[in-house]
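Worksheet for the structure shown next.
The values are calculated or read from the model by the stated rules, or taken from the named source; none is laboratory data. All values derive from a computational prediction rather than experimental measurement. Neighbour counts run over all protein chains shown; Cβ positions are idealised from the backbone, glycine included. Please note that ligands, DNA and RNA were not included when accessible areas were found on the heavy atoms of the full protein model with its side chains. Shrake-Rupley method; radii C 1.70, N 1.55, O 1.52, S 1.80 Å.
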Amino acid sequence: MFHLGLFTGCGVQSWNGMWSGEGATEWLHPQLYIDAARAVERAGFDCVILEDAHFIPDVFRGSMDFALHNGFHAPKQDLFVMAPFMLTATEHLGILPTLTTTFHPPYLAARTLATLDHISHGRGGANLVMSHNDRTAQNYGADAQADHDARYDAGDEWVALVEALWNSWDADALVADRDAGIYVDTAKVRPVDFEGRFYRSRGPLNSLRPPQGRPVFSQAGGSGRGRDFAAKNVDLVMTNVTGIDAMKEFRADVVARAAAHGRPAGSCKVMFNVSPVLGETMREAEDKRQRALAAAEANIEINLGWLSYYSGIDFGRFDLDAPMPALSTNASRSTTAHLKTRSAGMTLREFASRPASGAVELVGTPDAVAAQMGEVMAEVGGDGFLLQQPLYRQGISMLTDGLAPALRRRGLIRDGFAHRHFRDNLLDF
Ligand SMILES: Cc1cc2nc3c(=O)[nH]c(=O)nc-3n(C[C@H](O)[C@H](O)[C@H](O)COP(=O)(O)O)c2cc1C
């Protein structure tokens, strides 16, 4: 068996498509997220990972026009306001809102995540990112991002402090002894007096210890430094490496790094990012794929916008018919290296005319795609898939009412949740 996660966001995602519904404004309100959370829980997903960034993209052609005209990564809602609606509407699902360690003070994060974990009886967590865009830095008062590896060094310390703050309360500190007139046993709460290179905090936290002790962390670093951060600190690593060989290499590397950090086998799960193309017949799914290819070719700007977003480099200024330009960035380093490998020998036009496909291309009926996912997992030995899906009801329904039941009929995904806490369910297999 393997795990499923939904990767989506809380911004405008699908607003002008045939099945967008009221997507132009519905993303502002909780019901869309509540419906999605209930649907994926019913379908047996372990979690929803909510992507985020704290800026309006303006690298592409040096302007916000592209992002704002297309509803591309802007505007967005605050994930930590939306996540509680999803948690209180469900009973088993874990929710991981993206949280930037670079701009979110540890004390504030420890409190917010403890609260998420309490309101959900142990299903809280966060997807940790270090933020890669200079605009984010400028929105928080700095001139530019710190060096790529230094962001991860600070991230390691951030995690250590957040954990120390959660540990500043023992699990049994709350006694609520009416006879003695004692609410909290002060012997079980203590300062942390944390003095690090990047952070200081006195503590203790002014929230109770979270039910999970340590809410679940995920992360998607792809560089050597990023993988090491993930292998040391998080429960769930996600990646968009492509192809079976790269998937095997990624998983083996993360597993080895986790072992080197002294973590028990199986405690750091690896999930692969995919975007299945589903149809009622193989022909219909293939038609959809062809339409996506044609759309990417006709609207090359969308892919140039994506490339600019991830690399921090303006892809609008290169000659489309020249070979892919040499790239170097302080932003998302492994994504840029990955682009380099995938685009070898191509012109920018050729490369940008292809839609992104995820770890493996999955095209077919729900049953055919389920079979393919089973084969891929058997070969790679990974822990599951992160299904990347913009938030509109028909798109979610294809996954939850078509694909997930087909996976379950093959015995590949769970048919219930054995535990109350998110991490315990994640560690079940
Ligand atoms: C599946 C996936 C999801 C990601 N989601 C986010 C996100 O929501 N916000 C963000 O700032 N970065 C996101 N990233 C980028 C990663 O946090 C990281 O910067 C990137 O993978 C490059 O890692 P590296 O700097 O170690 O090379 C995501 C990456 C992947 C592969």
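In region 294-368, which trypsin sites (Lys or Arg not before Pro) fall in coil by DSSP and have 12 or fewer other Cβ atoms within 10 Å? Within region 294-368, no trypsin sites (Lys or Arg not before Pro) qualify (loop, at most 12 other Cβ atoms within 10 Å).
For region 9-67, chymotrypsin sites (Phe, Trp or Tyr not before Pro) meeting the loop criterion (DSSP other than H, G, I, E, B) and having at most 16 other Cβ atoms within 10 Å: W19. Stretched out straight at 0.36 nm per residue, the stretch from F103 to R202 would grow longer than its current Cα-Cα span by 33.7 nm.
Atom-type composition of the exposed protein surface of the chain places 52 percent of the accessible area on carbon and sulfur (1.4 angstrom probe). Separation of region 383-423 from region 74-153 is 24 Å, based on Cα centroids.
The value of relative contact order for region 151-245, using C-alpha pairs under 8 Å at least six residues apart, is 26 percent. Structural descriptor for the chain: relative contact order 22 percent, calculated from alpha carbon pairs under 8 angstrom and at least 6 residues apart.
Relative contact order for region 282-352: what is it in percent, counting Cα pairs under 8 Å that are at least 6 residues apart? It rounds to 31 percent for region 282-352. Applying a DSSP loop filter and a limit of 13 other Cβ atoms within 10 Å to the chymotrypsin sites (Phe, Trp or Tyr not before Pro) in region 166-238 leaves nothing. Take the chain, connect every pair of alpha-carbon atoms lying under 10 Å apart with a spring to form a Gaussian network, then pick out the residue of T102, T90, T186 with the largest mean-square fluctuation. The residue that fluctuates most here is T186. Ligands, DNA and RNA are left out, and with a 1.4 angstrom probe the accessible area of the chain is 44 Å² per residue. Dimensions of region 1-107 from C-alpha coordinates, computed as largest minus smallest value along each principal axis and given longest first, are 45, 42, 28 Å. The helix-based estimate of mean residue ellipticity at 222 nm for the chain, built from -39,500 (n - 2.57) per DSSP H run of four or more residues and divided by its residue count, is -12000 deg cm²/dmol to the nearest 500. Considering only A259, A344, A24, the Gaussian network model of the chain with Cα springs below 10 Å gives its largest mean-square fluctuation to A344.
Cβ-Cβ distance of A176 and R42, R₀ of 41 Å, FRET efficiency by 1/(1 + (r/R0)^6): the value works out to about 0.70. Among L348, L116, L399, the largest mean-square fluctuation in a Gaussian network model of the chain, built with springs joining Cα atoms closer than 10 Å, belongs to L348.
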